[in-house]
Amino acid sequence: MRKIGFLTSGGDCQALNAAMRGVAKTLYHYYGKDVEIYGILDGYKGLIYGNWKKMKPKDFSGILTVGGTILGTSRQPFKLMNVPDENGLDKVKAMKSNYKKMDLDCLVILGGNGTQKTANLLSQEGLNVVSLPKTIDNDIWATDMTFGFHSAVEIATSAIDCIHTTAASHGRVFIVEVMGHKVGWLTLYAGIAGGADIILIPELPYDPDKILSALEARNKEGKDFSILAVAEGAISKKDAALSKKEYKAKKAKSIYPSVSYEIGAMIEKKLGQEVRITVPGHTQRGGSPCPYDRVLSSRLGAAAGKLIIDKKYGYMSALVNGEIVPVPLADVAGKLKGVDTNSSIIKEIQDMGISLGV
Ligand code: F6P
């Protein structure tokens, strides 16, 4: 009998269930009744504190289209993994001990960047681990795409689409704040797809004067409304020059709930134009996965299942040039896949006259 544990960790996204279904279907297809799957609840928390349940094949039926995660999730920061909990519990030791208690042959871990770091740690600690790249941010190293990203692009784009009509009716400036603290993939894609006039991403610190001149240029052309797609983590050139500590202190003192509000106030003050701000927030992570994500997560899941069957551990299933390939967890952990500011997409946006605030 083969025993395989599943866990989903970090912020959820669409297609987590579809990915688990892909792994489970593959395992059941190859092993039939000779495999047992254990669902570890609420991410690494369940592995640390021993909270899991034995799954049945029917648990993985009908979940291809269901958002969220049937196992629950939680954020367990990697940097605290080696710090004992409030009762002095050694978390890594506890995870290893629970893995043994379940008598697992392999642990399947679905998560974003922090999750991959802990997956790598567990692999280095001798556990058999296979992981899958999930996140709406698309910022996981070594995979061209993460599942969740395209579903979130659809939601953020649809928010911009809706804003377009009301912005045009009222002749206002609208800012749509898109998720992504560290990287701007989602803002870039939704901004292009939604026809934003200005797109601000963390990788390209903005110059406020460039935002104003882009808006003024539109006004001169007789366009009395404008739309900005602004990443949560967009940052001005001035702020980007601050140390991390100084920036954190500045943000703590700020009267604005987020960067979009700061930019909005600046536009109102300097141009006298009416500004409205829309934050789709966690709607971007919710709902049913789009067909692209259903396909990608099923393929990644099937490949992860095959890695387990082949006893090839310590890998993340990744999409590279259209093919699903295993990449060593050690190559993934600790790296961030931001938007390459020298890539052609940046040039293409600028060639269309869309401002990136630089
Ligand atoms: O990492 C995914 C993500 O949705 C980011 O885009 C966002 O900045 C963050 O999680 C929000 O985290 P939380 O759900 O913990 O507020």
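Results, tabulated for the structure shown:
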item: Residue list for region 240-257, restricted to those being among the hydrophobic types (A, V, I, L, M, F, W, C) and over 19 Å from Ile201 (Cβ atoms); result: Ala249, Ala252, Ile255
item: Residue in region 205-221 that is under 18 Å from the mean Cα position of the chain (by Cα) and open to solvent by less than 60 Å² (accessible area, probe 1.4 Å) present; result: no
item: Some residue of region 264-274 being open to solvent by 40 Å² or more (accessible area, probe 1.4 Å) and among the polar types (S, T, N, Q); result: no
item: Boolean, Leu186 is more than 16 Å from the ligand (Cβ to nearest atom), on the phi < 0 side of the Ramachandran plot, touching a helix residue (DSSP H, G or I) at 6+ places or on another chain (Cβ under 7 Å) and not hydroxyl-bearing (Ser, Thr, Tyr); result: no
item: Residue in region 116-173 that is farthest from the ligand (Cβ to nearest atom), counting only those that are in a helix (DSSP H, G or I), open to solvent by 10 Å² or more (accessible area, probe 1.4 Å) and closer than 16 Å to Val332 by Cα; result: Gln124
item: Ala193 within 16 Å of the ligand (Cβ to nearest atom), small (Gly, Ala, Ser) and surrounded by 15 or more Cβ atoms within 10 Å (Cβ to Cβ); result: no
item: Candidate set from region 17-55 (those that are part of a loop (DSSP other than H, G, I, E, B) and open to solvent by 50 Å² or more (accessible area, probe 1.4 Å)); member that is nearest to the ligand (Cβ to nearest atom); result: Asp42
item: Segments classed as helices (runs of 4 or more DSSP H), wholly inside region 227-301, with at least 2 members that are of a type in the set (A, V, I, L, M) and touching a Pro at 6+ places or on another chain (Cβ under 8 Å); result: 259-271
item: Residue tally, condition free of Cβ contacts under 8 Å to residues at least 24 places away in the same chain, under 23 Å from the mean Cα position of the chain (by Cα) and in a helix (DSSP H, G or I), over region 331-352; result: 1
item: Long-range neighbours under 6 Å by Cβ, at least six apart or interchain, first residue among the hydrophobic types (A, V, I, L, M, F, W, C) within region 205-226, second modelled with pLDDT under 95; result: Phe225/Ala167; Phe225/Ala168; Phe225/Gly171; Phe225/Arg172
item: Total residues in region 1-16, condition open to solvent by 10 Å² or more (accessible area, probe 1.4 Å) and more than 16 Å from the ligand (Cβ to nearest atom); result: 3
item: When residues of region 64-95 are limited to those that are in a helix (DSSP H, G or I) and open to solvent by 60 Å² or more (accessible area, probe 1.4 Å), the one farthest from Gly287 (Cα to Cα); result: Lys93
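For (1) surrounded by 16 or more Cβ atoms within 10 Å (Cβ to Cβ); (2) under 19 Å from Thr118 (Cα atoms), each residue gets a yes or a no:
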position	(1), (2)
Cys290	yes, no
Asp293	yes, no
Ser297	yes, no
Leu319	yes, no
Pro326	yes, yes
Asp331	no, yes
Lys335	no, yes
Val339	yes, no
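The values are calculated or read from the model by the stated rules, or taken from the named source; none is laboratory data. Predicted model, so just to flag it, every value in this text is computed and none were measured. Glycine gets a Cβ as well: all are built from the backbone with ideal geometry, and neighbour counts include every protein chain shown. When the accessible area is computed, the model is the full protein with side chains, heavy atoms only, and any ligands, DNA or RNA have been set aside. Shrake-Rupley method; radii C 1.70, N 1.55, O 1.52, S 1.80 Å.
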